[in-house]
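One structure below.
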Amino acid sequence: MSRSAHPAGPRHADVLPEGHYTAPADDLNALDPKVWARTVGRDADGVVTVGGIPVMQLAEEYGTPAYLLDEADFRERARAWRTAFGDDADVFYAGKAFLSRAVVRWLDEEGLNLDVCSGGELATALSAGMPAERIAFHGNNKSPEEIERAVRAGVGRIVLDSFQEIVRVAHIAQSLGKRQRVQIRITVGVEAHTHEFIATAHEDQKFGIPLAGGQAAEAVRRALKLDGLEVIGIHSHIGSQIFDMSGFEVAAHRVVGLLKDIRDEHGVELPEIDLGGGLGIAYTSDDDPREPHEIAKALTEIVTRECEAARLATPRISVEPGRAIVGPTAFTLYEVGTVKPLEGLRTYVSVDGGMSDNIRTALYDAEYSVALASRTSDAEPMLVRIVGKHCESGDIVVKDAFLPGDLAPGDLIAVPATGAYCRSMASNYNHALRPPVVAVRDGAARVVVRRETEEDLLRLDVG
Ligand code: LLP
């Protein structure tokens, strides 16, 4: 494929307007294994492949934009978490990151449990055959219908998020003649080093019951008295995209402190603690995430140490990774449309999707990487901003990146690490049709979530 160069635009690394970028990689065709799914590579023609299939072929068959999900990688990462925590702990995959029936089956087969946070996620999990006792049900405002459905289904635990919910769940369970296993979600007052919107353990926010002022202790006091509830443990989730383990250390210390107070006051040792999810992944080569076995070792050691100090038997630990499992396993494939060089600034590259398939850049100022996927190129690096086709100037997918200077309409580009919180947060803004999720494994591809159609849109619009 021969491509003509574009008219003058900022191509060179020495033309750097404002932005958050590092210098272009020495080889723009290289695919850093830190940010790409494990079976991704390039074939002899330089085309990016996943699960052994070139993206040109996938684009032809399934269209663009599309999320391409590396099933082998998903399973490997799920298994790595499971193995790292072993049989004395439980791994609940956080379905909010991305959930489909295929994913539920993979999780079931790999021995993971599932965290759901809405009636819709619960329905997906149950319809794919996840045993109810391996499901945890979360949410700060579960409706009575959702609670009833979860209790009737027999979910393994409901995570209680407020004083009102303690009473509500107890009442519903009792009226169904059941005793529901519950954990109580507390906020431990940790400031996680992450974006404000995804930090969840400080007190001034909607989740959980503050440890401060004895509120969490009071919640446990009330819950222990209710016949409809079996209190099995305490839950803490400190936030998302976290690399520094010190926040978990403080959280574990405070949760164990509460377990000790509960033992001292009520003579009961609660058997479980859940430390939530939130472990970070690499979106760019600058990020350095930890491996599951390092995380498991660190968390287990912290809890064991704290419990020994408090003379408590070590409770069963559970964790809820979402992003760390699915995030790195998918990338979004786009076709390049308009290429607009802005003199002295950067080149705006418009793709056939945008904020409707990846809202994270606009919402959290998230950083992503990008690569030319349909071919390689030796052209000089050009500073680009990858933007979508929506009617909004904040419709940015990748803020600052370098791509080869001969990039042209019709090229395919790929944005890695879009497995988490992209399809699950996708919207129909501007009546965009949400892209499909195509799972690829060992040279075979299959659609696990199909592309939306105009009929789908119009079906909801009842006139
Ligand atoms: N457990 C609980 C109780 C949670 O609230 C969450 C995420 C998780 C586990 C999973 O966290 P993960 O391991 O995936 O970080 N939309 C945002 C992230 C919101 C996370 C909400 N809760 C984003 O795109 O970054």
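The values are calculated or read from the model by the stated rules, or taken from the named source; none is laboratory data. Given the structure is predicted, the values throughout are model-derived calculations rather than measurements. Neighbour counts are summed over all protein chains in view; Cβ atoms, including those assigned to glycine, are modelled from backbone coordinates with ideal geometry. Side chains included, ligands, DNA and RNA excluded: accessible areas come from the protein's heavy atoms. Shrake-Rupley method; radii C 1.70, N 1.55, O 1.52, S 1.80 Å.
If you take every residue apart from residue 148 with its C-beta less than 11 Å away from the C-beta of residue 148, what net charge results, scoring Lys and Arg +1 and Asp and Glu -1?
+3
In nanometres, what is the gap between the two model label sites at residue 224 and residue 365, each 7 Å from Cα along Cα-to-Cβ?
About 4.4 nm, to one decimal.
First measure r as the distance between the Cβ atoms of residue 314 and residue 45, then evaluate 1/(1 + (r/R0)^6) with R0 = 41 Å and state the FRET efficiency to the nearest 0.05.
Efficiency, from the Cβ-Cβ distance: 0.15.
Along each principal axis of its Cα atoms, how long is region 138-321 end to end? Whole angstroms, biggest number first, please.
53, 37, 30
Within a Cβ distance under 14 Å of residue 290, other residues only, what is the Lys/Arg minus Asp/Glu net charge?
Local net charge: -3.
Farthest toward the dipole's positive end in the chain, which of 150, 93, 258, given Cβ charges of +1 (Lys, Arg) and -1 (Asp, Glu) about the Cα centre?
Of 150, 93, 258, it is 150.
Summarise the accessible area of the chain (1.4 Å probe, protein heavy atoms) by the percent that is carbon and sulfur.
That share works out to 48 percent.
Tally Lys and Arg at +1 and Asp and Glu at -1 over the other residues with C-beta under 9 Å from the C-beta of residue 134: what net charge comes out?
Combined, the nearby Lys, Arg, Asp and Glu give -3.
Let me have the relative contact order for the chain, percent, based on Cα pairs under 8 Å that are six or more residues apart.
22 percent
Once you charge only the Cβ atoms, +1 for Lys and Arg and -1 for Asp and Glu, what is the size of the charge dipole of the chain about its Cα centre, to the nearest 20 debye?
1280 debye
Could you provide, to the nearest whole Å², the per residue accessible area of the chain with probe 1.4 Å?
Ligands and nucleic acids excluded, the result is 42 Å² per residue.
What is the extension gain from residue 191 to residue 431, computed as 0.36 nm multiplied by their sequence separation minus the C-alpha to C-alpha distance, in nm to one decimal?
82.6 nm
What FRET efficiency would be calculated for the residue pair residue 215, residue 123, taking the C-beta separation as r and a Förster radius of 22 Å, to the nearest 0.05?
My answer for the efficiency is 0.10.
Quick check on packing: order 94-103, 160-169 by the mean number of other C-beta atoms within 10 Å, highest mean leading.
94-103, 160-169
Quick one: 3J(HN,Hα) in Hz for region 387-401, Karplus 6.51/-1.76/1.60 with θ = phi - 60°, rounded, Gly and Pro as x.
Once θ is set to phi - 60°, the couplings for region 387-401 become 10, x, 10, 8, 7, 6, 6, x, 6, 10, 9, 10, 5, 9, 7 Hz.
Roughly how tilted is helix 215-224, in degrees to the nearest 10 and between 0 and 90, from the longest Cα axis of the chain?
60 degrees
Give me the base-10 log of I(q)/I(0) for region 378-463 at each q in 0.20 Å⁻¹, Debye formula, one uniform scatterer per Cα, rounded to two decimals.
Treating every Cα as an identical point scatterer, log10 I(q)/I(0) equals -1.18.
Taking the alpha-carbon set of the chain, what are its Rg and Dmax in Å?
23.6, 77
Just to be sure I understand: of the beta bridges DSSP finds with both ends in the chain, what percent are antiparallel, rounded to 5?
So the antiparallel bridges in the chain amount to around 45 percent.
With everything on Cα atoms, drop me the angle between helix 71-85 and the longest principal axis of the chain, reported from 0 to 90° to the nearest 10.
Relative to the chain, helix 71-85 is tipped by roughly 30 degrees.
Within region 202-229, name every residue whose backbone N is under 13 Å away from a label modeled 7 Å from Cα of residue 266 along the Cβ vector.
Counting only backbone N, you get 216-229.
Calculate, in nm to one decimal, what residue 109 and residue 171 gain on full extension: separation in residues at 0.36 nm each, minus their alpha carbon distance.
Here the answer is 18.9 nm.
In degrees from 0 to 90, rounded to the nearest 10, what is the angle of the helix 144-153 Cα long axis to the longest principal axis of the chain?
The angle comes out at about 80 degrees.
Just to be sure I follow the rule: in the chain, considering lysines 8 or more places apart or on different chains, how many pairs have Cα atoms under 21 Å apart?
So the count of such lysine pairs works out to 10.
So how much slack lies between residue 38 and residue 342, counting 0.36 nm per residue of separation and subtracting their Cα-Cα distance, in nm?
So the extension gain works out to 105.9 nm.
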